[in-house]
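Comments concern the structure below.
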Amino acid sequence: MPNVSKHADPTRVPVLDLLRLAAVGAVILYHYGFWGVASHDAQMVALPYLAPVAQYGFLGVPVFFAISGFVIAYSAEGRTPVGFAIARFSRIYPTFVICMTLTFLATLLLGHAWFQVTWGQWLANLFIAAPMLGQPYMDDAYWSLVIEVVFYAWVALLLAWGIFPRRIDTIIVAWIAITFANELTLDIPLFEKLFMADDSGFFAVGLLIYEHYRGRRDSRLYSLLTLAMGTATFQAVHKLERLGVHTHGSFDPRVVTAICIVSLAIVFAATRIKSVPLPDSVVRAVGGITYPLYLLHLQLGYVILLLITPTPDAPSTALVVTGMVVLAWFVWRFLEAPAHYRVKDQLTMLASRLGWSSRIRASDGRIDRDDVALPV
């Protein structure tokens, strides 16, 4: 058995780091075994024989959203809206720019046969929501990052109003009501994007799991958690019609329902596990690479894969995925932390000069909450 660190960080939830890797692994399996992003007569799927299983890997993304609900509630505790915004921006944006630029440069230099990018597209992607500026995402996986940012914006706004997390039950009931009103009757695209009506149940599950993690045990919590899990499952099944049209695939709603319920139950159980039989450094690395790996694996991976061979197979795909893992580790180990702390320090100093406090109470000397498993 590996030596477990005697000084494991009490503010971390180690199993969530492992779950994040499992979730990104499911997404990679989906992209390489079912969907693919290659075009212009290039092979669409690297491992088509895995399609019956790989097609359900898309559910890795909403599992990220559930973990995000938990982590963001944790991160917001004790912070002002300004402090929360600084923490979120400094955590996700520098890494995003690094990975997006790596993808852009590799595609510009190596991807002309299958992919085309422009400097205008790179510039628009600096704003994350590139389609709002008339440009496509540098990588199709970035759509989920936009949803994350909208969620962060809502949390910051609710913090500013003084009702998060104090009125979390009311927030979740209102959010789910808006979700069902839009999904079943209104069908307003702006509402869908503004209120994340396709994924709100997963975020709500994460927020409620954090309430349980903090020690809450009342019947209302369990009722809301059941409602949120039902909403999340409904949303996942509701997506299948659109997903089927987009991918020309056939999905079994019973399988999707089972995966959702089991996955969310595992996320809940993970927060009850205080340690794992792995060195803390390994757990940190696993959690650390998942964000850059998610950002890098799709378009950059396919550019390299199709450069190696026009007809991807298992060995070439395994080689490329391994390369993406190594590159993600390099970004996390040598680029992400310096960029994160530099941006955070600069923004914190600017906020201080403007008289904006970042924390509600004095620091307790513990590790930065943003070092807890951060989802995409």
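The values are calculated or read from the model by the stated rules, or taken from the named source; none is laboratory data. Just so it is clear, the structure is predicted and the values come from calculations on it, not from any experiment. All Cβ positions, glycine included, derive from the backbone under ideal geometry; neighbour counts span all protein chains shown. Heavy atoms of the whole protein, side chains included, go into the accessibility calculation; ligands, DNA and RNA do not. Shrake-Rupley method; radii C 1.70, N 1.55, O 1.52, S 1.80 Å.
General remarks:
- Among the residues of the range 44-81, those identified as within 30 Å of S352 (Cα to Cα), under 19 Å from the mean Cα position of the chain (by Cα) and of a type outside the set (S, T, Y) are G69, F70, V71, I72, A73, A76.
- Among the residues examined, F70 does not qualify as part of a helix (DSSP H, G or I) and either without any contact (Cβ under 8 Å) to a residue 40 or more places away in the chain or open to solvent by 10 Å² or more (accessible area, probe 1.4 Å) (or both).
- Among residues of the range 239-261, those that are free of Cβ contacts under 8 Å to residues at least 40 places away in the same chain and either under 16 Å from E183 (Cβ atoms) or part of a helix (DSSP H, G or I) (or both), counted: 11
- Contact annotation: residue pairs with Cβ atoms under 7 Å, 6 or more positions apart or on different chains, pairing a residue in the range 163-180 that is touching a residue at least 24 places away in the same chain (Cβ under 8 Å) with a partner that is open to solvent by 60 Å² or more (accessible area, probe 1.4 Å) and part of a helix (DSSP H, G or I), are D169/R220; I176/L227.
- Only one of A85, A51, A113 that is of a type in the set (G, A, S), open to solvent by 40 Å² or more (accessible area, probe 1.4 Å) and part of a helix (DSSP H, G or I): A85
- Test: residue in the range 39-46 that is assigned to a loop (DSSP other than H, G, I, E, B), more than 30 Å from V237 (Cα to Cα) and among the charged types (D, E, K, R): yes
- Selection count, the range 289-311, where residues are assigned to a loop (DSSP other than H, G, I, E, B), open to solvent by 10 Å² or more (accessible area, probe 1.4 Å) and in contact with a helix residue (DSSP H, G or I) (Cβ under 9 Å, 6 or more places away or on another chain): 1
- A160 vs. criteria in a helix (DSSP H, G or I), free of Cβ contacts under 8 Å to residues at least 24 places away in the same chain, at negative phi and not acidic (D, E): no
- Condition check for L264: part of a helix (DSSP H, G or I), crowded, with 23+ Cβ neighbours inside 10 Å and in contact with a Pro (Cβ under 6 Å, 6 or more places away or on another chain): no
- Only one of T179, T185 that is assigned to a helix (DSSP H, G or I), surrounded by 14 or more Cβ atoms within 10 Å (Cβ to Cβ) and either at positive phi or modelled with pLDDT under 95 (or both): T179
- Some residue of the range 279-299 being modelled with pLDDT under 95 and more than 24 Å from the chain's Cα centre (by Cα): yes
- Among residues of the range 321-334, those that are in contact with a Pro (Cβ under 8 Å, 6 or more places away or on another chain) and aliphatic (A, V, I, L, M), counted: 3
- A count restricted to the range 193-238 and to residues that are in a helix (DSSP H, G or I), in contact with a His (Cβ under 8 Å, 6 or more places away or on another chain) and of a type in the set (D, E, K, R) stands at 0.
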